[in-house]
Amino acid sequence: MEQLLSAIASDLVSRALNLVIQKNIGSKVEDAPHKLQRLQHVLLRIDATVEEAEGRPITNQAMLWQLDMLRQGMYQGHYMLDTFRYRGHRDHDEVSGGRAVVLPSITSSKLLFPLPVSSNMKMIEKMVDSLETLMRNMQEFVVFLEGYPRICRQPYNTYLILDKVMFGRQMEMETVLNFLLRLEAFGDGNPGVLPIVCTTRVGKSTLVEHVCLDERVRGHFSSIVAFTGGDLDAVNMAALRDRGVIKHQDVTASHGRSLVVIELDRDVEEEIWKRLYFSAASAMKDGSKIIVTSRSEKIASFGTAQALRLKPLAEETYWYFFKTLAFGSANPDDQPKLASLCMEIASMLKCSFSWANILEGVMRANQNVQFWRRLLQCLREIKSKHLLLFGEHPTDLAQKDHPVHLCWLSRAQPGPALYFERPWGELGTRGPLGYVYV
């Protein structure tokens, strides 16, 4: 009798515990759509604020820092939302202990993805709280923003702005612009020098190119000359101008200010630099500036201003950038399977601008699941081949100027076909029969 009562009591306790656990899990699952909808809403507010701010010529440094904080929050929030939103559309997704949660979208579509109940809900809640706090602290920013006039733009295709703006480098861009456009109140007449230091292929040349194309810079300097190389042994400023590429020239300008951009591909001794700088000081008019870029930290000592150091994009920022390039004007939410593949492709690239520039055209021109799946398989094989042969990711090898082995594919072929060695500088070129080397 005692054994029977003990068994009954044990069964009742077990059922009660299961009921409590299931009720607790169920409440968390029901709460998941609400948290994700809150994340969507706060991201919409941040998106609108960032877009409005980027359409105004902000000069206040504190406001620029606040805008950069908003951008970083926007990238991180979208990365988390997209991770959960598209996970259920992967080809081979196995989530242990997960449940399928339907996210009520602000649009008419609903997306299904598996979501582990415990830790991920805490991550989402923490992100939502952080972004909502960020927006509450931006009230003064929004008020001050109204004091800046809007920049006129074509009301179409926001993704095309990426072709004209240095994505993910807005703060760095403003730093360079402030240096170039600032007039020295009590200068010695010598040109100001801004060193830009970074590892290879993280965007220093692109940053400088965008700066040189800025209308404010072109209006401020009568000439812009760019020199690329490292052999400065017998070079003075006159020879540098002769060897360089003229980016801009306004013969009608009376001030005579000039900008010289020197992109170094090797180390330069300090004595050689001093000789070149003294030559520049005697040849360039007051208010002229020099930008010098290199991978080497040595050039930091060449500057009259603090060196600008470029770092690779964060994964969240890179995903926002890559997704926008790959889909163009199309909405990723309308093609969740493609968006899932796009996220996997982006994760293979290690935040490389070079890979993004190579792949964006073929992905935007071939927005179908089969092509993107073949492309992902090709990238996986490239990665595994390099890890096997060299022990490093191809992006890491390319940053060391090491040749990489790439595959090619075409629309006519069923999948990746051949591997061959091809210098990184030739990536993205078109081969015979219209094949695209990726």
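Only the coordinates and a few stated rules stand behind these numbers; no lab work does. The structure presented is a predicted model; accordingly, all values stated were derived computationally and were not measured. Using ideal geometry, Cβ is built from the backbone for each residue, glycine included, and neighbour counts are taken over all protein chains shown.
Could you list His255, His248 so that the one with the fewest beta carbons within 10 Å of its beta carbon is first and the one with the most is last?
Details: His255 13, His248 17.
Placing the least packed residue first, the sequence is His255, His248.
Taking amide H atoms as placed 1.01 Å from N in the peptide plane, the amide H of His248 lies under 5 Å from those of Ile224, each 5 or more residues away in sequence or on another chain. Calculated FRET efficiency, Ala281 to Ala62, Cβ-Cβ distance, R0 = 35 Å: about 0.55 to the nearest 0.05. Taking amide H atoms as placed 1.01 Å from N in the peptide plane, the amide H of Thr293 lies under 5 Å from those of Ile196, Ile262, Glu263, Leu264, each 5 or more residues away in sequence or on another chain. The residues Ser254, Ser384, when put in order of fewest to most other Cβ atoms within 10 Å, stand as Ser254, Ser384.
Between Ser347 and Lys385, the modelled labels are 2.3 nm apart [label points 7 Å from Cα along Cα→Cβ].
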